[in-house]
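Participant: Please read through the structure below; I'll follow up with questions.
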Amino acid sequence: MATKVFISFDYEGIGGVASWTETEGDRRWNELATRQLVAYCEGVFSTDPEAEVVVADSHANGNNILWEQLPDRVSLIRGTPRNYYMFEGLDKSFTHLVLFGYHTAIGGGGMMDHTYSASAIYEIKINGKPVDEGLINAYAASEYGVPLAFVYGDDKTADFYRAIPGIDTLACKKAISRFAGEMRPLGELLRALTEKGQALPTTKGKVLNDPQRPIVCEMTMTDATRSYLCAVIPGVERPTERTLRFTAHDYLELYRYLITIVYICSMAKTIR
């Protein structure tokens, strides 16, 4: 089967990055993030020259990766809004899911820890267990039968996914605090990314399937205004001032709820 890779790109787990201010349209950091992505893609192509790679630029407004610097055989999904945001374009034709530049959920000890919206969401639980962005996206990929094969981020993120058999990881930095870390040398990191890319076509990965249905999602919001606004969504309950609860039949439906909540919460920034 031909290698077809879906790379979901986030920024907090990129080597060198220590704060959100560095991810807000700074050309220098976009260049460094793109270099890391290119090193990985070139590794994939060196093993399988016929591989297909699709990258979804999934941080903030999806306009971070320098399109003109990507290898010719890499397609880029960018911009906003997107109903499936971090995995827009994913379908059953893909052989591998890669989470590139990912981070931990709140409390995971990683740099810039959050889940989907640091300004709106404090914590997300699925079927009673806290989850991060990576798990939500991997569960969604399981609806198409696509396995998670590789995760790139800080050491806390890599340690979490390394504990799951079948998933390869690479740590680009060691978290010291939420906005501080010890960075690996860039040249060493780029070589390691190329090597990980070379290994991907022969990596099976793991389909992270959560069999419990219906899926119960509980969200703790950062404040009561955001939970109040989102309670207008049909099927969303508000058990307490700062919490929301809803059920979904599958992870694609769950994600539509989630992205709707994120979009609604964006208007809360204008309420003073």
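Participant: When you scan region 1-35, how many residues do you find that are free of Cβ contacts under 8 Å to residues at least 12 places away in the same chain, polar (S, T, N, Q) and either in a loop (DSSP other than H, G, I, E, B) or not assigned by TED's automatic domain parsing to the domain that holds Met86 (or both)? Before the answer, list the steps.
Facilitator: Filtering region 1-35 down to residues free of Cβ contacts under 8 Å to residues at least 12 places away in the same chain leaves 21-22, 26-28.
This time we only want the ones that are polar (S, T, N, Q), so: 21.
Filter once more, keeping what is either in a loop (DSSP other than H, G, I, E, B) or not assigned by TED's automatic domain parsing to the domain that holds Met86 (or both): none.
Going through region 1-35 one residue at a time, the tally reaches 0.
Participant: Has region 47-61 got any residue that is outside any helix (DSSP H, G or I), without any contact (Cβ under 8 Å) to a residue 24 or more places away in the chain and of a type in the set (A, V, I, L, M, F, W, C)? Steps first, please.
Facilitator: Residues of region 47-61 outside any helix (DSSP H, G or I): 48-61.
Going one step further and asking which of them are without any contact (Cβ under 8 Å) to a residue 24 or more places away in the chain, we end up with 49, 61.
Applying the additional criterion that residues be of a type in the set (A, V, I, L, M, F, W, C) yields none.
No, the conditions are met nowhere in region 47-61.
Participant: Taking region 42-71 as the search range and keeping residues that are touching a Leu at 6+ places or on another chain (Cβ under 7 Å) and not charged (D, E, K, R), which one is surrounded by the most Cβ atoms within 10 Å (Cβ to Cβ)? Before you say what the answer is, go through the steps one by one.
Facilitator: Of region 42-71, the ones touching a Leu at 6+ places or on another chain (Cβ under 7 Å) are 43-44, 55, 57, 65, 67, 70.
Checking the rest, the ones that are also not charged (D, E, K, R) come to 43-44, 55, 65, 67, 70.
Values: Gly43: 21, Val44: 28, Val55: 25, Ile65: 26, Trp67: 13, Leu70: 17.
Taking the candidates together, the pick is Val44.
Table: residues versus (1) in the same structural domain as Trp20 (by TED's automatic domain parsing); (2) within 23 Å of the chain's Cα centre (by Cα); (3) over 30 Å from Val38 (Cα atoms); (4) surrounded by 14 or more Cβ atoms within 10 Å (Cβ to Cβ).
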{"position": "Arg178", "(1), (2), (3), (4)": "yes, yes, no, yes"}
{"position": "Met183", "(1), (2), (3), (4)": "yes, yes, no, yes"}
{"position": "Thr194", "(1), (2), (3), (4)": "yes, yes, no, yes"}
{"position": "Gln198", "(1), (2), (3), (4)": "yes, yes, no, yes"}
{"position": "Asp210", "(1), (2), (3), (4)": "no, yes, yes, yes"}
{"position": "Pro234", "(1), (2), (3), (4)": "no, no, yes, no"}
{"position": "Thr240", "(1), (2), (3), (4)": "no, no, yes, no"}
{"position": "Thr260", "(1), (2), (3), (4)": "no, yes, yes, yes"}
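Participant: Sticking with this structure for a sec: Restricting to region 88-121, name every residue that is closer than 22 Å to Cys217 by Cα, in contact (Cβ under 8 Å) with a residue 40 or more places away in the chain and of a type in the set (Ser, Thr, Tyr).
Facilitator: Answer for region 88-121, where residues must be closer than 22 Å to Cys217 by Cα, in contact (Cβ under 8 Å) with a residue 40 or more places away in the chain and of a type in the set (Ser, Thr, Tyr): Tyr102, Thr104, Tyr116, Ser117, Ser119.
Participant: Given (1) surrounded by fewer than 15 Cβ atoms within 10 Å (Cβ to Cβ); (2) within 14 Å of Ile126 (Cα to Cα); (3) hydrophobic (A, V, I, L, M, F, W, C), where does Ile271 come up short, assuming only one miss?
Facilitator: So the condition that Ile271 fails would be (2).
The values are calculated or read from the model by the stated rules, or taken from the named source; none is laboratory data. Quantities reported herein were computed from a predicted structural model and do not represent experimental measurements. Because the Cβ atoms are built from the backbone with ideal geometry, glycine has one as well, and the counts that use them run over all protein chains shown.
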